[in-house]
Amino acid sequence: LYFQKIISSLPMGNDINFLRNVSIFEELPERDLEKIAKLGTRKKFSKGNIILMEDEIGSALFIIINGKVKVSRLDETGREAVLSILGPGEVFGEMSLLDGMKRSATCSALTDTEVLIIYRDDFLNLLHKYPQISISLLKELAQRLRKANMQIKSLSLKDAEGRVGCVLILLADELGKMYKGQVIVEEIPTQQDLANMAGTSRETVSRVMTKFEKQGLIKVEGRKLIILEYEKMKQMFK
Ligand code: CMP
């Protein structure tokens, strides 16, 4: 009880555990993480809420502490293209801060989500002060470009089955946990979100996933996706 009292009385900014898993801060020593935690503001968003909107002027960077964030763009008829789904330790909102242009996409909470918000000037100061952060950020952006290339290839060259397969592999790489050669993704996005990632209909996603299950490639248990044959699927759909 005594320790509980001490822990609950600590200001939020002192809890820096989540920053250890943030890819762009991976090279930094503990005392610098403490400074960064103090720079930022923690904020919670409920499932479905919009965190930032396409075409707004960007003034902050967001780090996901827990939860999942959907990155998407809408067309004029309201149809949605899902560009990516990001999880704990990942960063978003960096593009506007780096190039000074408007937000390139809308980011919304796919599940209840908590983020650390760092404002533009503080973030740019961090980049100047700790060159390692810039290098880690470049690495992160290179990985994002690889994934985007995979998606472009899939959307332009593959049939619906190939596109759904590609989306499942991207999800596994982004959010999955490897366990004995299988990849488990807890709480997969809705079939409509999967369809919006694969550029197809919800019905097609449902049909293709049933086919993959019959082929023994995946297993779906409620919202949990188990990729039974990860390496094989990667070969088939990368
Ligand atoms: P920004 O343009 O400031 O606001 C929207 C954010 O969505 C953007 O920064 C990136 O952080 C993120 N984003 C945009 N496109 C992608 C993508 N293809 N993959 C992952 N994240 C993206």
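Overview of values
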{"read-out": "Relative packing of peptides 33-42, 189-198 - highest average C-beta neighbours within 10 Å first", "value": "189-198, 33-42"}
{"read-out": "Probe 1.4 Å, accessible area per residue of the chain, Å²", "value": "55"}
{"read-out": "Added length on full extension, which subtracts the Cα-Cα distance from 0.36 nm per residue, E80 to E114", "value": "9.9 nm"}
{"read-out": "23 Å Cα-Cα threshold exceeded, pairs from K68/K214; K214/K234; K44/K68", "value": "K68/K214"}
{"read-out": "Average Cα contact separation per residue, the chain, under 8 Å, 6 or more apart, as relative contact order %", "value": "18"}
{"read-out": "Sequence-separation-based contact order of the stretch 138-193, relative, with Cα cut under 8 Å and 6+ spacing, percent", "value": "19"}
{"read-out": "Near-label residues of the stretch 118-144 by backbone N, under 20 Å of a point 7 Å along Cα→Cβ of K44", "value": "118"}
{"read-out": "Where Y179, Y130 fall by accessible area, highest first, once all protein chains stay in place (1.4 Å)", "value": "Y179, Y130"}
{"read-out": "Shape box of the stretch 130-238 [Cα atoms, principal axes, largest first, Å]", "value": "50, 33, 24"}
{"read-out": "Taking the stretch 60-146 and dividing mean pair separation by its residue count, relative contact order in percent (alpha carbons under 8 Å, at least six apart)", "value": "36"}
{"read-out": "Label-point separation in nm, D99 to E54, each point 7 Å along Cα→Cβ", "value": "1.5"}
{"read-out": "Carbon/sulfur fraction of accessible area - the chain, other protein chains in place, 1.4 Å, %", "value": "54"}
{"read-out": "10 Å binning of all Cα-Cα separations within the chain, expressed as whole percents from 0 upward", "value": "7, 29, 33, 21, 9, 1, 0"}
{"read-out": "Cα gyration tensor shape for the stretch 60-132, rounded if a/c is under 1.5, else prolate or oblate", "value": "oblate"}
{"read-out": "Across K147/K180; K211/K232; K43/K177; K70/K102, pairs whose alpha-carbon gap is larger than 22 Å", "value": "K147/K180; K43/K177"}
{"read-out": "Ellipticity estimate at 222 nm from DSSP helix runs (n ≥ 4, -39,500 (n - 2.57)) divided over the chain, nearest 500", "value": "-14000 deg cm²/dmol"}
{"read-out": "Proximal aspartates and glutamates to K153, defined as alpha-carbon separation beneath 14 angstrom and excluding residues fewer than eight positions away on the same chain", "value": "E161"}
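The values are calculated or read from the model by the stated rules, or taken from the named source; none is laboratory data. As the structure is a computational prediction, the values presented were derived from the model and not from experiment. Backbone-built Cβ (ideal geometry, glycine too); neighbour counts: all protein chains shown. The accessibility values were calculated without ligands, DNA or RNA, using every heavy atom of the protein model including side chains. Shrake-Rupley method; radii C 1.70, N 1.55, O 1.52, S 1.80 Å.
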